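The values are calculated or read from the model by the stated rules, or taken from the named source; none is laboratory data. Since this is a predicted model, take the numbers as computed values, not measurements. Here the Cβ positions follow ideal geometry from the backbone for every residue, glycine too, while neighbour counts run over all protein chains shown. Surface areas here come from the heavy atoms of the whole protein model, side chains and all, with no ligands, DNA or RNA. Shrake-Rupley method; radii C 1.70, N 1.55, O 1.52, S 1.80 Å.
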Amino acid sequence: MVYFVLFISCFLAATLVPFSSEALFLYDIKHYDYVLILIIATFGNWLGGVLTYWFGWLAKWDWIEKYFRVKKSRVEEFKLVVQKYGAWMGWLCWLPIIGDVIAIGLGVFRVSPVITFITMFLGKMSRYVAIGYLMGLIF
């Protein structure tokens, strides 16, 4: 049950749902096998990011402007950044708040799903490794 709760919390934290998984991750990594906790947290957070990417892929421009209140000019600015860095921006999807925006943007602009998902996975895994390391709980 511990692993399922961690997976769900990490998944939700990577979606548009305002949720944080770090406290639970740190608790679990201290009390359970850190490799397994790291894998579960990474996969949960990554799948949440993948879902957010697909929301962007399915989104329509008028939805984005209406529901997210994003002006067309801001979208065009972001498009230039996405065109410059492409799927490598998936690495930054772990960032709080703007990571969701990046994931949606990569989906909206139809950036290569395969490369995006790989870089997204690496970024999210790096984040959890760094959190565990900085707290002195792994390595």
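In plain terms, the chain from GLN83 to GLU22 could stretch by 18.8 nm, reckoned as 0.36 nm per residue minus the Cα-Cα distance. Lysine pair count for the chain with Cα-Cα distance under 24 Å and sequence separation of 8 or more or different chains is 11. State the answer as a single residue: which of TRP88, PHE109, ILE98 lies farthest towards the positive end of the charge dipole of the stretch 67-139, with beta carbon charges of +1 for Lys and Arg and -1 for Asp and Glu, about the Cα centre. My answer, from the dipole projection, is PHE109. Here the extension length gained between TYR133 and ILE98 equals 10.3 nm, from 0.36 nm per residue of separation less the Cα-Cα distance.
Once you have a ≥ b ≥ c as the square roots of the Cα gyration tensor eigenvalues for the stretch 73-139, tell me rounded if a/c is under 1.5, and otherwise prolate or oblate according to whether a/b is larger than b/c.
Working: a/c = 3.38, a/b = 2.13, b/c = 1.59.
Judged from the Cα gyration tensor, the stretch 73-139 comes out prolate (a/c at least 1.5, a/b above b/c).
Over the chain, the Kirkwood radius and the radius of gyration, each from Cα atoms, give a ratio Rg/Rh of 1.02.
Determine the share of the chain's accessible area contributed by carbon and sulfur atoms, expressed in whole percent, with a 1.4 angstrom probe.
Using a 1.4 Å probe with all protein chains present, the chain comes out at 72 percent carbon and sulfur.
For the chain, the mean residue ellipticity at 222 nm estimated from helices alone is -23500 deg cm²/dmol, where every DSSP H run of n ≥ 4 contributes -39500 (n - 2.57) and the total is divided by all residues, rounded to the nearest 500. The phi-based Karplus calculation (6.51 cos²θ - 1.76 cosθ + 1.60; θ = phi - 60°) puts the 3J(HN,Hα) values of the stretch 108-118 at 4, 8, 6, 6, 2, x, 4, 5, 4, 5, 5 Hz, whole numbers, x for Gly and Pro.
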